[in-house]
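As structure tokens, the structure follows; a few thoughts come after it.
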Amino acid sequence: MKKLLLALFLVAFLGVSVFASTMTVGLSVSTLNNPFFVILRDGAIEQAKVLDIDLVVMDAQNDPAKQMSDIEDLVQKKVDVILLNPTDADALVPAVEDANKAGIPLLTIDRSVNGGDVALHIASDNVKGGEMAGAYTVEQLGEKGIVVELEGITGASAARERGQGFDTYIAEFSGIKLAAKQTADFDRAKGMSVMENILQAQPKIDAVFAQNDEMALGAVQAIKAAKRQDEMFVVGFDAVPDALNAIKAGDMKATIAQQPWMMGVLGVMNGYLVVSGVELGIEFIPVPLKVITE
Amino acid sequence: MKNLQYKDIIRRYGILIGLIGLIIAFSILSERFFTISNMLIVMRQTSIVAFLGIGMTFVILGAGIDLSVGSVLAFSGAVAAGVMQSRGIFLGILAGLAVGTALGAFSGLVITKLRIPAFIATLAMMAIARGGTLVYTDGRPVTGLPSSFAFLGRGYIGDIPFPIILMLVTFVLAYIILKLTRFGRYVYATGGNIDAARASGIKVDNIIISNFAISGFLSGLTGIVLSSRLNSAQPTAGMGYELDAIAAVVLGGTNLFGGEGELWGTLIGAFIMGILNNGLNMINVSSFYQQVVKGIVILIAVTVAQSGKK
Amino acid sequence: MNKIALEFINISKSFPGVKALKKVSIKIKQAKVHAIVGENGAGKSTLMKIAVGELLRDTGTIKVFDREAQINSPSDGYHYGISLIHQEFSLVPTLDVVQNIFLGREITKGPLSFLDSNQMYKRTEEILDFLKMFHLDPHLKIEDLTIAQKQVVEIAKALSLNSKIIIMDEPSAALTLEETHRLFEVVRELKSRGVTTLFISHRIEEIFEIADEVSILRDGELILTKQVAQIDRKQVINNMVGRSLEFVFPPKAKQKKEAKVILEVKKITKERQFSDISFQLKEGEIIGLAGLVGSGRSEVALSLFGLNHLDKGEIFLQGKTVKINSPFEAIRNGLALLPEDRRELGLVIVRNVLENLTLPDLYWDIARKYFIDLKKEISLAKGVQKELAIRFASLSQKVESLSGGNQQKVVVGKWLLTKPKILIMDEPTRGIDVGAKLEIYNIVNTLAKKGIGIIFISSEFSEILGVAHRILVMSEGRITKELDPKSTKEEDILKFATRKKVS
């Protein structure tokens, strides 16, 4: 945390005094079809304005091949630094290596890659987030109740880690029973249809944990349609605006705030530092999480 | 008479003129665009659509359509990667190509023997192959591929990326098949008028099955190259690529109802798509607008090409 | 005294290169059955299409019940109460009878215009009750109906429009004798209700059975209009075919005495198309297969060429029995087919002349091993171009830009390259001009001289007489007569071509 503050200070200092230059930052986002990454991008744009530098945003539309091409294009454009929010941990390794070869520093945001030289990784600790969701659920249920879980895209690191944190935490309480665990691909429509099926199969449910808000919001639709909203509560993850509204309206109970805005801000800021030649001395900046209930 | 010649030129070379126009426009808008290294990158990026487009050209010339190429690509890539992990690169590649060819031929069989329209048969294959990929990979990327496999998608011969060379070789072979062999002639005749082709003694079912097998084979090849490029086989690879391939073929002036069209047109169509992707990135067009622009360019290109036809 | 329901005054119509109608004037009396007869191409269908606005006349006036009618577009006929029942039905096969009858004018109810199915069903039942001799379930889909039933639906549709004038274009062509009689009962019933019927037919007998008056067209001109009671069969036929032959047919190729039989068919049958067809074809012989549309002659050709599977019977080639299940096998056995519709079955019109000419022969000569021998291909194509005098700018010209006659020659040429022993020509001169016809006849003779056996199918009986060594007449799927052209007149062929199966 101290280092983070130091970094912030440095940015503020350097930003106003030393450089009035035209630096270009390239940001490759896995998809802009998900509000989470839109907020991340908006944070990056805002910070780039503050620092008076150029920001180029590319949308991989969840296709690793397209993201690979996007990175190649960024390298061709000779941007000064690349911020990568990868679609896949393995598939983007060659792209990272391309950037390395061209001498362009590269930072990863939210998700990591399994190879190449990455200057800095900025992300929330998803395992921790899963644990926080688990702790909140257990507490609300009074350590007793039936829980179902909606998983994200099978194999995606966020899904694996959030699930791991949540599952490990609730396993310690014998009163909590995990009745169903099914994948809905981080998608709202799928969240709804999967939840519909679960509602058919489970006569009694006390709580639903969805590994992201999109699925949680889909689940809320299904629960309302079945008129069983008084029977159970829903906990999501990511704190996207729709989810915050749903919490205000009483449709959702809580969400884990990932602070994507902060990720975007930190990405641009640290990219700026790296290009400016500042030794960061760290490889990972954890973006803090918090439980939001209102 | 002059007007006629002008129209003839548009009809024949309209798409090429469009490509050159795009290159000039992007060169003016970004000094980084028209460099050798960027052009090589565009060609490498284009190779993926070009492989699929060449296969799709056979299918469409034969008055068919293949919606399954994206899924077949993913399945072939996954099988190739899976086999490669235990049995080596060569067998892996062979397995991937075999899977692609077999799936394509199967679509062809369904179309000809069960008399199911190509659109439906390959739509079904699109779902089957995608599902098959997810089953085979359990929804996870297949990783841990031999390091020398990277050559296929990321290697160079001299200064030229290997996928570009592979694309040119594929193009030349496909061109020879279409223009110089009996089979190629039969493809055009079958697509142009299947009844007349049958009445001329052509076994039209075999031609159609072969077309889909070729498309499947090239989908398999694409899947393998893509796996090499991405250092892994992605279960979601190739989603929506069938539309890029069809767009490349149509941009290239091939008649969607079969019988008329040239392979080089498809190659240029693929380049136009590749140049648009790269060039719009180069001049910082937002990714949302990029899709709008691509759609508009397709409309303009096809409209101009048609205006030369009448 | 009957009112005039419909009057044509000086109607003329030209198509590119053809004058289809020349100043035709006919008066059609109300509540009568008026037959319009004439040979193929005499202008009957053209006149009827003009009556309902499907074709636009060049000059002339149409009067309906003594008032000049503005019939200028396809829907105008309906406004004047005129309905045309086509040879090819204009019904939607996937919809049912009720839906077809009310297509485009569905009865609706309520403010949201919901379909009033009950009302439509009731109206349909009423109309079908009137046509009660034909049992028909209004909920059947059109594709499940017989041809006669489809005709009934067309008539019902016309009645639902309250048509005062119903035109039937060759209604009996596809009907059995019994069905034809039932149709006539409907026509008589309509007549008793004051509906006027125009009736187009090839079949002379039918005119005498049903019509009150008859008009004869020939080459686009009205020859006469008469009361049926005042005319006889012979006069009708003479006036239909009466023209003197305008050009002389080229002398027929002489047949060798010792000519071998190269094709023999024994009792071949295809259900619902033709039955018990038997004949022999010798080398160098030209058989004329005469018959009207729907007589089964084209179906015989398609079956011999493997495009249509036989139910019964045997085919012998050079004395050996063969099974021909595909065009590929037909070609291997030395057969070639010049199809009736060259754009459907003969040519790939979007491809060029070269590719069309060599298409069947690629497999046999030009490209035995995968690759095409381009030099050989071009020289073969040029050879056949010279032989048949096909006129085109270059071998890479698209076939669709050629004239009808040259297109037909391309089809002939593509088969000559396969060196056939037997050539089946189905209506080879349809839709081509007189000059090109003559060239086709010359080609037929040249080929016969080379020893090729030719089956020449035509519904133009004058050309059958002028070309064939021997004539087989078909009607209703059977060979009704074998004739020697030397001692035959057109009327004789027509007589046997219109002979109804009596069973």
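Would you tally the residues in the stretch B:107-163 being touching a residue at least 40 places away in the same chain (Cβ under 8 Å), surrounded by 15 or more Cβ atoms within 10 Å (Cβ to Cβ) and within 17 Å of B:ASN211 (Cα to Cα)?
Residues that pass the stated criteria total 10.
Do the conditions hold for C:GLY38, that is, is it buried (at least 22 other Cβ atoms within 10 Å of the Cβ) and among the small types (Gly, Ala, Ser)?
yes
Kindly provide the set of residues from the stretch A:147-168 that are under 17 Å from A:GLY236 (Cβ atoms), of a type in the set (Gly, Ala, Ser) and not in a loop (DSSP other than H, G, I, E, B), ordered by number.
If the condition is that a residue be under 17 Å from A:GLY236 (Cβ atoms), of a type in the set (Gly, Ala, Ser) and not in a loop (DSSP other than H, G, I, E, B), then A:ALA158, A:ALA159, A:GLY163, A:GLY165 are the ones that fit.
Out of curiosity, is C:GLY383 within 10 Å of another protein chain (Cβ to nearest Cβ) and under 22 Å from C:TYR441 (Cβ atoms)?
no
For B:MET43, indicate whether it is within 14 Å of chain A (Cβ to nearest Cβ), over 16 Å from B:LEU166 (Cβ atoms) and not charged (D, E, K, R).
Spelling it out, it is not the case that B:MET43 is within 14 Å of chain A (Cβ to nearest Cβ), over 16 Å from B:LEU166 (Cβ atoms) and not charged (D, E, K, R).
Among the listed residues B:GLY274, B:GLY253, B:GLY265, B:GLY295, which satisfies the condition of being surrounded by 24 or more Cβ atoms within 10 Å (Cβ to Cβ) and either part of a helix (DSSP H, G or I) or within 14 Å of chain A (Cβ to nearest Cβ) (or both)?
Criteria check complete, one pass: B:GLY265.
Okay, residues lined up against (1) in contact (Cβ under 8 Å) with a residue 40 or more places away in the chain; (2) touching an Asp or Glu at 6+ places or on another chain (Cβ under 9 Å); (3) at the interface with another protein chain (Cβ under 8 Å from one of its Cβ atoms):
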| position | (1), (2), (3) |
| --- | --- |
| C:GLY284 | yes, no, no |
| C:ASP311 | yes, yes, no |
| C:SER326 | no, no, yes |
| C:ALA336 | yes, no, no |
| C:VAL353 | yes, no, no |
| C:GLU377 | no, yes, no |
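List the number of the failed condition for B:ASP195; all other conditions in (1) within 20 Å of B:GLN45 (Cβ to Cβ); (2) surrounded by fewer than 24 Cβ atoms within 10 Å (Cβ to Cβ) hold.
That leaves (1) as the condition not met.
Which one of C:LYS486, C:LYS419, C:LYS414 is at pLDDT below 90 and more than 19 Å from the chain's Cα centre (by Cα)?
None of the other options fit; the residue is C:LYS486.
Every residue, every condition in (1) part of a helix (DSSP H, G or I); (2) within 22 Å of A:ALA156 (Cβ to Cβ); (3) at pLDDT below 95, yes or no:
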| residue | (1), (2), (3) |
| --- | --- |
| A:ALA222 | yes, no, yes |
| A:ASP230 | no, no, yes |
| A:PHE237 | no, yes, yes |
| A:LEU273 | yes, no, yes |
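Only one of these conditions is not met by C:SER192: (1) of a type in the set (Ser, Thr, Tyr); (2) modelled with pLDDT under 90; (3) in contact with a Leu (Cβ under 9 Å, 6 or more places away or on another chain). Which number is it?
Failed condition: (3).
Out of B:LEU67, B:LEU103, B:LEU40, report the one residue that is closer than 23 Å to B:SER227 by Cα, not charged (D, E, K, R) and not in a helix (DSSP H, G or I).
Just a single option satisfies the conditions, and that option is B:LEU67.
Given the criterion crowded, with 16+ Cβ neighbours inside 10 Å, of a type in the set (D, E, K, R) and within 18 Å of A:ASP251 (Cβ to Cβ), identify the matching residue among A:ASP206, A:ASP167.
A:ASP206
Looking only at the stretch C:149-192, count every residue that is surrounded by fewer than 22 Cβ atoms within 10 Å (Cβ to Cβ), in contact with a strand residue (DSSP E or B) (Cβ under 8 Å, 6 or more places away or on another chain) and β-branched (Val, Ile, Thr) and tell me the total.
Final tally of qualifying residues: 1.
Is it true that A:VAL81 is more than 10 Å from chain B (Cβ to nearest Cβ) and touching a helix residue (DSSP H, G or I) at 6+ places or on another chain (Cβ under 9 Å)?
Considered against the rule, which asks whether it is more than 10 Å from chain B (Cβ to nearest Cβ) and touching a helix residue (DSSP H, G or I) at 6+ places or on another chain (Cβ under 9 Å), A:VAL81 comes out as yes.
Would you check if there is a residue in the stretch A:120-128 being farther than 14 Å from A:PHE284 by Cβ and under 19 Å from the mean Cα position of the chain (by Cα)?
no
Considering only the stretch A:74-117, how many residues are touching a Leu at 6+ places or on another chain (Cβ under 6 Å), assigned to a loop (DSSP other than H, G, I, E, B) and farther than 19 Å from A:LEU32 by Cβ?
Of the residues in that region, 1 qualify.
Among the residues of the stretch C:158-177, write down those that are at pLDDT below 75 and part of a helix (DSSP H, G or I).
C:LEU177
Among the residues that make up the stretch A:252-270, is at least one of them surrounded by fewer than 16 Cβ atoms within 10 Å (Cβ to Cβ), in a helix (DSSP H, G or I) and not hydrophobic (A, V, I, L, M, F, W, C)?
no
Quick one: which helices (runs of 4 or more DSSP H) lie wholly within the stretch C:339-440 and hold at least 1 residues that are of a type in the set (Phe, Trp, Tyr)?
Hits in the stretch C:339-440: C:404-416.
Please determine whether any residue of the stretch A:41-54 is within 11 Å of chain B (Cβ to nearest Cβ), in a strand (DSSP E or B) and either in contact with a Phe, Trp or Tyr (Cβ under 7 Å, 6 or more places away or on another chain) or without any contact (Cβ under 8 Å) to a residue 40 or more places away in the chain (or both).
Yes, there is a match, as at least one residue in the stretch A:41-54 is within 11 Å of chain B (Cβ to nearest Cβ), in a strand (DSSP E or B) and either in contact with a Phe, Trp or Tyr (Cβ under 7 Å, 6 or more places away or on another chain) or without any contact (Cβ under 8 Å) to a residue 40 or more places away in the chain (or both).
Only one of (1) within 30 Å of C:SER172 (Cβ to Cβ); (2) within 14 Å of chain B (Cβ to nearest Cβ); (3) of a type in the set (D, E, K, R) fails for C:ARG332. Which number is that?
(1)
If only one of B:VAL72, B:VAL99, B:VAL110, B:VAL79 is more than 14 Å from chain A (Cβ to nearest Cβ), β-branched (Val, Ile, Thr) and touching a strand residue (DSSP E or B) at 6+ places or on another chain (Cβ under 9 Å), which one is it?
B:VAL79
Give me the pairs, please: first residue somewhere in the stretch C:56-70 and loosely packed, with under 15 Cβ neighbours inside 10 Å, second residue anywhere and not polar (S, T, N, Q), beta-carbon distance under 7 Å, and either six or more positions apart or on two chains.
C:ASP58/C:LYS13; C:THR61/C:ILE9; C:THR61/C:GLU68; C:ASP66/C:ILE4; C:GLN70/C:ASP76
How do the pairs read when you match residues in the stretch B:43-70 that are under 22 Å from B:ARG154 (Cβ atoms) with residues anywhere that are surrounded by 24 or more Cβ atoms within 10 Å (Cβ to Cβ) and β-branched (Val, Ile, Thr), using Cβ under 6 Å and keeping only pairs 6 or more apart or on different chains?
B:ILE48/B:THR222; B:PHE51/B:THR222; B:LEU52/B:VAL69; B:LEU52/B:THR222; B:GLY53/B:VAL249; B:GLY53/B:THR266
Restricting the search to the stretch C:321-338, which residues are in contact with a Gly (Cβ under 8 Å, 6 or more places away or on another chain), of a type in the set (Gly, Ala, Ser) and not in a helix (DSSP H, G or I)?
Of everything in the stretch C:321-338, just one residue is in contact with a Gly (Cβ under 8 Å, 6 or more places away or on another chain), of a type in the set (Gly, Ala, Ser) and not in a helix (DSSP H, G or I), namely C:SER326.
Assess whether C:PRO360 counts as being within 14 Å of another protein chain (Cβ to nearest Cβ), under 19 Å from the mean Cα position of the chain (by Cα) and either crowded, with 18+ Cβ neighbours inside 10 Å or of a type in the set (Asp, Glu) (or both).
Here the answer is no, as C:PRO360 does not meet what is asked.
Based on what the data block shows, is B:GLY223 on the phi > 0 side of the Ramachandran plot and either in contact with a strand residue (DSSP E or B) (Cβ under 8 Å, 6 or more places away or on another chain) or in contact (Cβ under 8 Å) with a residue 24 or more places away in the chain (or both)?
In short, no.
The values are calculated or read from the model by the stated rules, or taken from the named source; none is laboratory data. Quantities reported herein were computed from a predicted structural model and do not represent experimental measurements. Cβ atoms come from the backbone with ideal geometry, glycine included; neighbour counts cover every protein chain shown.
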